[in-house]
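Here's the structure we're looking at; comments come further down.
The values are calculated or read from the model by the stated rules, or taken from the named source; none is laboratory data. Just so it is clear, the structure is predicted and the values come from calculations on it, not from any experiment. All Cβ positions, glycine included, derive from the backbone under ideal geometry; neighbour counts span all protein chains shown.
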Amino acid sequence: MFGSSMDQVGSCGLDLDQAATDFRKALESQDLDSSIADILKRCDLFRRVSEKSLAKLVAVSVLKRYRKGQTIFNQGDPCPGIFVVGDGAVRVTKIAPGGKEHVLHLAYPGMTFAEVAAIGGFNCPATAQATEDCVCVLILEDRFLNALRTDHDLCLQMMQSFALWVRHLVGLLEDVVLRDATGRVARHLLEVGGAIEGTIFTLPMLKKDLASHLNLTSETLSRTLRRLEEAGLIAMLDQQQLKITDRTRLREVAAGTPPGEFD
């Protein structure tokens, strides 16, 4: 009889241990889902998604962590899905046939990368590398596409978000085709420098990466920044920090004012 009682106690102990383990896992899963949802809500691409559709995206997503310098994927790799940066930064680069590396963009919290490859179902057209320790949400490609097929509202919401993304890409194309080096640099400084004149800010990437992003050489970028400073439009505080001292004139330069007009 005592043996049977002890067996029941032992069995109860095991059940309690298992229950505690299950409860802990449930809490961890809930915290993980909450983290993924928070990151997606801060992303422009998913800001228009309803709570119902967002829950579907959370269910097909995983949280990924990368160390500074770690390659997330290489150009030509199969695309695992859409990445959303939650913390840190990721550099996305393209290697030209001649071997030259071009910085397409740097993805910061709230930004995405690999979204076009995931939607189109083709290999990664560029290489992504963490420039600092970062946390990303990965929305798995096959499950994301299945969610689009079964949720028409989500599909429509994503189309609207991608329309805004295409407009952003058109703006980048206009920079390269319609603006000279000075105009491109001026426009970029206005975008990252905040709305208040005189506010000190840090360039969001190294100068060599910024030059590549703007399709300039490092020498041209440095020369252009120096020229803008000599004209009294900006003030360089160090290699990465500066402030805009004349936003009105800088906006005119970004719009295409000939360089000679602010010499």
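Which is small (G, A, S), over 20 Å from S50 (Cβ atoms) and under 20 Å from the mean Cα position of the chain (by Cα), of A163, A107? Let's see the steps before the verdict.
Working: A163 fails: over 20 Å from S50 (Cβ atoms).
Step by step, each of A163, A107 is checked, and only A107 is small (G, A, S), over 20 Å from S50 (Cβ atoms) and under 20 Å from the mean Cα position of the chain (by Cα).
Scanning segment 107-144 for residues that are more than 23 Å from G69 (Cα to Cα) and surrounded by fewer than 16 Cβ atoms within 10 Å (Cβ to Cβ) yields G120, G121, F122, D142, R143. Return yes or no: is A118 under 17 Å from M205 (Cβ atoms) and of a type in the set (A, V, I, L, M)? The answer is no for A118.
Here's the yes/no breakdown for (1) closer than 20 Å to T112 by Cβ; (2) outside the structural domain of Y108 (by TED's automatic domain parsing); (3) crowded, with 19+ Cβ neighbours inside 10 Å; (4) out of contact with any Lys or Arg (no Cβ under 8 Å at 6 or more places or on another chain):
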position	(1), (2), (3), (4)
R187	no, yes, yes, no
V192	yes, yes, no, yes
P204	yes, yes, no, yes
A231	no, yes, no, no
I234	no, yes, yes, no
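In segment 45-65, the residues that are assigned by TED's automatic domain parsing to the domain that holds I139 form Cβ pairs under 8 Å with partners that are among the acidic types (D, E), at six or more places apart or across chains, as follows: L45/E115; S50/D153; K52/D153; S53/D151; S53/D153; K56/D151; V58/D33; R65/D133. Among the residues of segment 216-241, the one identified as at pLDDT 90 or above, under 23 Å from H105 (Cβ atoms) and not in a helix (DSSP H, G or I) is I234. When the residues of segment 206-215 are filtered to those that are part of a loop (DSSP other than H, G, I, E, B) and without any contact (Cβ under 8 Å) to a residue 60 or more places away in the chain, the one that is surrounded by the most Cβ atoms within 10 Å (Cβ to Cβ) is L214.
A quick yes/no check of all residues on (1) basic (K, R); (2) under 15 Å from E141 (Cβ atoms):
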{"position": "I39", "(1), (2)": "no, no"}
{"position": "C43", "(1), (2)": "no, no"}
{"position": "K52", "(1), (2)": "yes, no"}
{"position": "V84", "(1), (2)": "no, yes"}
{"position": "A89", "(1), (2)": "no, no"}
{"position": "T93", "(1), (2)": "no, no"}
{"position": "H105", "(1), (2)": "no, no"}
{"position": "T112", "(1), (2)": "no, yes"}
{"position": "I119", "(1), (2)": "no, yes"}
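Considering only residues that are among the small types (G, A, S) and closer than 12 Å to Q129 by Cβ, which ones fall in segment 57-104?
First, pick out the residues of segment 57-104 that are among the small types (G, A, S): 59, 61, 69, 76, 81, 86, 88-89, 96, 98-99.
Within segment 57-104, G69, G88, A89 qualify.
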